[in-house]
Amino acid sequence: MKRPLFSVVSPVYKAEKIVPELVRRITDSIKSISEDYEIVLVCDGSPDNSWLAIKEECAKDEKVKGINLSRNFGQHYAITAGMRYAKGEWIILMDCDLQDPPEEIPRLYAKALEGYDIVQSRRINRKDGFFKRLSSKVFHIVFDWFSGMKTDSTISNLGIYNRKVIDAFNGMKETSRSFGTLLSYVGFNKCTIDVEHRVRYEGKSSYSFSKLMKLMFDVTISNSNKPLRIITGIGFVFSFLAFMLALYNVVAYFVGINNLQGFTTTVFSIWFMGGLLMMVLGVLGLYIGKIFNQVKERPLFIVDEVVNINENESEK
């Protein structure tokens, strides 16, 4: 079966009123380049009528492909599902909220033709609210420090990727998914272009601060052992301090500097060291939990229904 030239992948969540406009604008933009394309919309267990909206668009145009996941797996798992089904020589990823305009697709492709396998977009004049921008900044600062990676909070999901890049991405089976993090691992020749950020077409973002922090800890533990090195260093420091304190008490006893028994100090030390040990065990438990989840080898996503897709087309 001949591959289409382009696949546009978009995860959809709480966007029933956006879907028709999303499809229209993607279609108008990509037709200026080629008629050889497909649009892959992945409904991530959305609680509204997003799936019905997707099915309506699929009925109008067979180039629109619909994938409905069995429940809400999360944005990056929905992206993974879309990438598994996408068949294009070039795959374009974009969010469904239209903050990153589909009209930038021709520019992305033109830049890719200069010899780049990955072309990502960098938001200028970001239109999100103060709290959203702040939480995103905190996310990247904390993640960079713990993971040792260098990420850019202005990079959006809108980008174009060569087939070989997505094949490499699809080959990674980590249960903890972050498209940007896994993309940084695969390498290849990449660049960025500046795009104008827009106000969300309708509704509000479902990404809360707590969800961002959960994603940050999840991805950090999955990609870095720095937390283990940190608690090892803390343990060494406190072991050294405890040794020096014990040595001082022995010397003080024999030279008669201090003969008082420190009940309060003893209790405080026990509780403090007990809390430190619990913290260490907690961090170790998080890593063991990740190993446990990985070795179960459960599917990264489960598809409930597809439209305009042959089930044999998936690369699962």
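The values are calculated or read from the model by the stated rules, or taken from the named source; none is laboratory data. Since this is a predicted model, take the numbers as computed values, not measurements. As a convention, Cβ positions derive from the backbone with ideal geometry for all residues, glycine included, and neighbour counts pool all protein chains shown. Protein only, heavy atoms only, side chains kept; ligands, DNA and RNA dropped before computing areas. Shrake-Rupley method; radii C 1.70, N 1.55, O 1.52, S 1.80 Å.
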| Residue identified as at pLDDT 70 or above, open to solvent by 80 Å² or more (accessible area, probe 1.4 Å) and basic (K, R) among K204, K190, K214 | K190
| field | Neighbours by Cβ (under 6 Å, 6+ apart or cross-chain): first from segment 86-108, over 15 Å from I39 (Cβ atoms); second open to solvent by 10 Å² or more (accessible area, probe 1.4 Å) and of a type in the set (V, I, T) | value | P106/I33
| Checking C96 against (1) at pLDDT 90 or above; (2) more than 14 Å from V307 (Cβ to Cβ); (3) not charged (D, E, K, R), the condition it does not meet | (1)
| request: Would you check if L41 is surrounded by fewer than 20 Cβ atoms within 10 Å (Cβ to Cβ) and touching a Ser or Thr at 6+ places or on another chain (Cβ under 6 Å)? | output: no
| said: Residue under question is E62, and the condition is that it be among the acidic types (D, E), in a helix (DSSP H, G or I), surrounded by fewer than 22 Cβ atoms within 10 Å (Cβ to Cβ) and touching a residue at least 60 places away in the same chain (Cβ under 8 Å); does it hold? | reply: no
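Search segment 65-116 for residues being among the acidic types (D, E) and open to solvent by less than 30 Å² (accessible area, probe 1.4 Å), and hand back the single one that is farthest from L22 (Cα to Cα).
It comes out as E104.
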| Restricting attention to segment 14-44, which residues are without any contact (Cβ under 8 Å) to a residue 40 or more places away in the chain, in a loop (DSSP other than H, G, I, E, B) and over 20 Å from A86 (Cβ atoms)? | E16
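Only one of these is under 20 Å from the mean Cα position of the chain (by Cα) and among the aliphatic types (A, V, I, L, M): I105, I54, I92, I39. Name it.
Selected residue: I92, the only one of I105, I54, I92, I39 that is under 20 Å from the mean Cα position of the chain (by Cα) and among the aliphatic types (A, V, I, L, M).
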| The lone exception for S34 - which of (1) within 15 Å of G88 (Cβ to Cβ); (2) within 26 Å of the chain's Cα centre (by Cα) it fails | (2)
| Every residue from segment 122-166 that is at pLDDT 90 or above, out of contact with any Asp or Glu (no Cβ under 6 Å at 6 or more places or on another chain) and not β-branched (V, I, T) | G159, Y161, K164
| Are there any pairs with C-beta distances below 6 angstrom linking a residue in segment 279-306 that is farther than 26 Å from L228 by Cα to a residue that is open to solvent by 40 Å² or more (accessible area, probe 1.4 Å), with the two at least 6 apart or on different chains, and if so which? | L300/Y77; F301/Y77; I302/S70; D304/S70
